[in-house]
Amino acid sequence: MGWLWQVGARMLGSRMVSEAKQAATSEVAKAMLKSGPSDPAAAIAVLCENKWLFDAVVDELVDKRRLEADRMQIAQGQLAEVPVVVARPLGEAVEPLRMVTAVVDAHLPKFAMSVAEGICLDRELKHGTLVMATRLIDSAGRSLRVELTPPTGEGLRGGTVGTIGAPVVGELAATEQLPVVEDAWSSAVARACQRVGLPLVAVSAVVQLPLSERSQAAEAMHRQRSMAGRAGVLTGMLFKKRSGLKHLWNDKQAKWDATVRIAGLAKYLAKSVEVPKSNE
């Protein structure tokens, strides 16, 4: 698997990792026991930023079961006849290291795929595209190179993935190193995976325009959490500016396209893992 990122040695001796393991893994383990017996081992872990990304993969699982523990939602099942675990934070933000260590120690994955919701920074990048990180830039502007050869296919490409609001300086200012998409998830999860020695494929789904290019009405719709609030904004769009409707439609179309591609990529990666055959 030459396209997998080979990260540094496992550092389970550190106090931070140990505390995260003990707290998070115990909660996940308890929830697993309550939900019924199963083999906890997984070939691949898919670490999702939010619910729609989580559902994009979980909807494709066979023999799946879900559980919630330690502010995380976890699903186990088979994808392309390979055991897979999918996880996402619930409610308030969960420390990435806590989430990664819980998944690693409870499910023993061979590698991870992180999936984030990205903001487009390249005007030539079609919405709905999945950008597989060949370089990550964290919130402090530090660069983390990923040894990755992305699989070919429509809507898939490699590129630099930045963190929202991160500075781009020095050698990264070269055109070929500029981020083509940014998100709030990929870099933090990559650092956590590096900390525990888990190989990672980081994927950012291009589904949003930069804030400066979004219509005010469309942005107001994104901020609404209730059906009544969304209905009010939509009514305003119908009688005022129609550009907001176009942006909303484009966002929805991008998510539909990305959903199909995320599921397909997860299957592709799962099939690439060598799973020992049972002697039974």
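The values are calculated or read from the model by the stated rules, or taken from the named source; none is laboratory data. Computed from a predicted structure; not experimentally measured. Every residue, glycine among them, receives a Cβ derived from its backbone with ideal geometry; neighbour counts consider all protein chains shown. Ligands, DNA and RNA are stripped out before the accessible areas are found, and what is left, the full protein with its side chains, is counted by its heavy atoms. Shrake-Rupley method; radii C 1.70, N 1.55, O 1.52, S 1.80 Å.
Among Thr259, Thr235, which is the only one that is part of a helix (DSSP H, G or I), at pLDDT below 60 and of a type in the set (Val, Ile, Thr)? Before the answer, list the steps.
On the way: Thr259 fails: at pLDDT below 60.
Only one candidate passes the filter, namely Thr235.
Here are Ala75, Ala56, Ala102: which of them is part of a strand (DSSP E or B) and at pLDDT 90 or above? Reasoning before the result, please.
Numbers: Ala56 fails: part of a strand (DSSP E or B); Ala102 fails: part of a strand (DSSP E or B).
The unique qualifying residue is Ala75.
Quick one: what pairs do we get from the stretch 157-176, first residue at pLDDT below 65, second open to solvent by less than 20 Å² (accessible area, probe 1.4 Å), C-beta under 8 Å, 6+ apart or different chains?
Val169/Gly141; Leu172/Ile137; Leu172/Gly141; Leu172/Thr160
Yes/no per residue for (1) out of contact with any Asp or Glu (no Cβ under 9 Å at 6 or more places or on another chain); (2) in contact (Cβ under 8 Å) with a residue 12 or more places away in the chain; (3) open to solvent by less than 10 Å² (accessible area, probe 1.4 Å):
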position: Trp52; (1), (2), (3): no, yes, no
position: Asp59; (1), (2), (3): yes, yes, no
position: Met72; (1), (2), (3): no, yes, yes
position: Val85; (1), (2), (3): yes, yes, yes
position: Gly91; (1), (2), (3): yes, yes, no
position: Met99; (1), (2), (3): no, yes, yes
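Exactly one condition in (1) open to solvent by 60 Å² or more (accessible area, probe 1.4 Å); (2) modelled with pLDDT under 65; (3) touching a Gly at 6+ places or on another chain (Cβ under 8 Å); (4) not aromatic (Phe, Trp, Tyr) is false for Gln253; which is it?
(2)
How many residues does the stretch 109-167 hold that are assigned to a strand (DSSP E or B), among the β-branched types (Val, Ile, Thr) and closer than 12 Å to Ala205 by Cα?
So in the stretch 109-167, the residues assigned to a strand (DSSP E or B) come out as 111-120, 130-137, 143-145, 156-163.
Going one step further and asking which of them are among the β-branched types (Val, Ile, Thr), we end up with 115, 119, 131, 134, 137, 160-161, 163.
Add one more test, that the residue is closer than 12 Å to Ala205 by Cα, and what stays is 115, 119, 131, 161.
Selection size over the stretch 109-167: 4.
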